[in-house]
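The values are calculated or read from the model by the stated rules, or taken from the named source; none is laboratory data. Because the structure is predicted, anything quoted here is derived from the model rather than measured. Cβ placement follows ideal geometry from the backbone for every residue including glycine, while neighbour counts extend to all protein chains displayed. With ligands, DNA and RNA removed, areas are computed over all heavy atoms of the protein, side chains included. Shrake-Rupley method; radii C 1.70, N 1.55, O 1.52, S 1.80 Å.
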Amino acid sequence: MLIAVLLVFVLFGFLGFAVDLGRLYMIRGELNVAAEQMALVAAQELVATNAAGDNAQTAIDLLQSEGNDNRFNFGGNVLGGDGPLVSEIGDLEFFSTFGDATGTGASGGTTSGPSEARYVRVTIRADAPLTFWRFLPIQGIGGVTSVQTTALAGISAPVCTACGIEPLAVSPVDFADTTDFGWVRGIKYTFYSQCTGAPAPPLLANTADRLQYTLLNRSIDNSTLDTDQQLFQLSAGGIPAPPFPVPDETNLACPTIGGADLRLPQVSVAACTQPARGAVATDLLCGLNARLNPVPNPGCTNITDIDTLIQAFPPDTDIEQIDDYTEYAGNRRRIFTVAVVDAIPFAVGTAMNVLGFRQFLLEPDPDSTELTPNGQWGRFTAMYIGYPAPVKQGSFGTCGVTQGPGKVVLH
Amino acid sequence: MVSGQWPVASRRGSALLESLLITPILVLLFVGAMEIGKVTLTYYQLHKALRAGARMASVLKGADFCSADDQQLAAIKSFIVFGPDGSTEPLVRNLSTEQVLILPERADTGNAAVGTCDCGGPTGCSLADGGHAPDYVVAEIEGGYEFTIHIPFRSPEPVLLRPRVRVPFGGL
């Protein structure tokens, strides 16, 4: 009889291994998937600002908003909810180096503030029910046990091919400066549409220097939208990924360092003494303006259906004048990535060689919350910020750059 | 016969009777445990496959989530159902590519909620209509996956498994 009783416990033990352990691993897998997705959305917010931490938490809340959120225990329980199975999403942990993030660095896992963070770790703990082990007379084992998982995501090494960037190309001030190409972080620049001869267009208020830009040659040949509408979309939302503009020109969609690119033929190149820049510059600024203001600017009348088009591009949540980039608290819509090329060409067919990618923060006009799309020289103000934000999509290669924007990856 | 003791033959009969009584319970216990294990394994397989598929879909370049004919999405659905080896047998019995849904989602303008991304117009996720990539991708089994439990002498209702994964778009 004693042997039979012992065998029952042994039997329940084995059943526990077979059923409960399997279920624990299954729940852990669900938690791990949820943690990975949370880490990915949180890492997208790591743009070296003081608000990055709060924005990362908001992004996680949005990801987990009710509906199709990632759940656990056969998809039956909401993460972070109460009830019979309690779960908890831990406080986000931020790290500035990979060594700290993995605990292998010299500083051994030291966390950082959100403004220095390049990596974020998400920890989830949840109760998992026990079917058989609860009957075992082992102290500490009840109807549930705790399962915990973590996921780490961060910003990768620089990408060689960047997708989703803005269709702008600028030329360096200092070719020898591979970090900032001669631009100064925190300094505001007057961007102006390319022109020839002297004098260069006058500076906008509060800017210290000027930057000549041109537009990359991107157009959708088979689109139902006209050129003005397409340019508006490109500048409001960035260049869509392939197969854009057309399937057989997929390389054009994502500029590659070391590759050649062309400027948009429709760009009006005239003497700098002539301030009128035509529809292309206006379309560009109308698109950029959508990043600040959800209402179309009165100067954007040449963009048909702009009232509808603009709805696809929500504005930034922070449209204040920014003097210290770390104070920027928006949703990244004002951050734009440009291609740095060896020269801005005068002729349409002249190739521009892509040297890298850098980022700027779009600034509204002084005493305003938007731009002036139909202003002279196609000017607008932007602050140089280096490359803190991850690009939307991109790929690595053999370009050999050590400085530049990366993309969000899981570790 | 010694007082207070059953004969050996009688004790053997008692043990046999106990065995007969306990055996069906043990069999039910084992079969039940196996079925629970199979449900868990099936759910795990589905969840894992959907997770992999959703992640692949979230890093696609230029996929049209609103087009039923998009080749990239069709390939991902095939990956979810048949795995990476090009097998013709589904990883999970009776699962078909028609059951797999890969849905685009969009955060609203106030970033307060996430909803299904429309397929029409420039605000939607249809590239053909001038739309752009979604903010999230959800992978799930349409209507859930019915798992039939096999227990001797009983016909329980099928268990409906509803694995679902939401991943942010972009990154890789």
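If I ask for residues that are assigned to a helix (DSSP H, G or I), without any contact (Cβ under 8 Å) to a residue 60 or more places away in the chain and of a type in the set (A, V, I, L, M, F, W, C), which ones from segment A:42-90 would you list? Those that are assigned to a helix (DSSP H, G or I), without any contact (Cβ under 8 Å) to a residue 60 or more places away in the chain and of a type in the set (A, V, I, L, M, F, W, C): A:Ala59, A:Leu62, A:Leu63.
Could you please let me know if A:Leu92 is more than 12 Å from every other protein chain (Cβ to nearest Cβ), of a type in the set (A, V, I, L, M, F, W, C), more than 23 Å from B:His47 (Cα to Cα) and open to solvent by 20 Å² or more (accessible area, probe 1.4 Å)? It is true that A:Leu92 is more than 12 Å from every other protein chain (Cβ to nearest Cβ), of a type in the set (A, V, I, L, M, F, W, C), more than 23 Å from B:His47 (Cα to Cα) and open to solvent by 20 Å² or more (accessible area, probe 1.4 Å). Look at (1) at positive phi; (2) under 28 Å from the mean Cα position of the chain (by Cα); (3) loosely packed, with under 15 Cβ neighbours inside 10 Å; (4) not β-branched (Val, Ile, Thr) and you find that A:Gly83 fails only one, number (2). The set of residues from segment A:180-202 being at pLDDT 95 or above and among the β-branched types (Val, Ile, Thr) comprises A:Val184, A:Ile187, A:Thr190.
Among residues of segment A:143-159 being within 14 Å of chain B (Cβ to nearest Cβ) and under 16 Å from the mean Cα position of the chain (by Cα), the one that is farthest from A:Thr398 (Cα to Cα) is A:Ala153. Filtered by the rule that a residue be assigned to a loop (DSSP other than H, G, I, E, B), open to solvent by 10 Å² or more (accessible area, probe 1.4 Å) and in contact (Cβ under 8 Å) with a residue 12 or more places away in the chain, segment A:357-383 gives A:Asp365, A:Pro366, A:Thr369, A:Glu370, A:Thr372, A:Asn374, A:Gly375, A:Arg379.
Out of A:Asp209, A:Asp221, one residue alone is in contact with a Ser or Thr (Cβ under 8 Å, 6 or more places away or on another chain) and either closer than 25 Å to A:Glu363 by Cα or at pLDDT below 90 (or both). It is A:Asp209.
What are the residues in segment B:150-172 that are in a loop (DSSP other than H, G, I, E, B), in contact with a strand residue (DSSP E or B) (Cβ under 6 Å, 6 or more places away or on another chain) and under 30 Å from B:Leu26 (Cβ atoms), if any?
Matches in segment B:150-172: B:Pro158 only.
Cβ separations smaller than 6 Å between residues 6+ apart or across chains give the following pairs from segment B:138-154 residues that are within 14 Å of another protein chain (Cβ to nearest Cβ) and in contact (Cβ under 8 Å) with a residue 40 or more places away in the chain to residues that are in a loop (DSSP other than H, G, I, E, B) and surrounded by 13 or more Cβ atoms within 10 Å (Cβ to Cβ): B:Val138/A:Asn68. Scanning segment B:79-129 for residues that are closer than 15 Å to A:Gln311 by Cβ and either assigned to a helix (DSSP H, G or I) or touching a residue at least 60 places away in the same chain (Cβ under 8 Å) (or both) yields B:Cys125, B:Ser126, B:Asp129.
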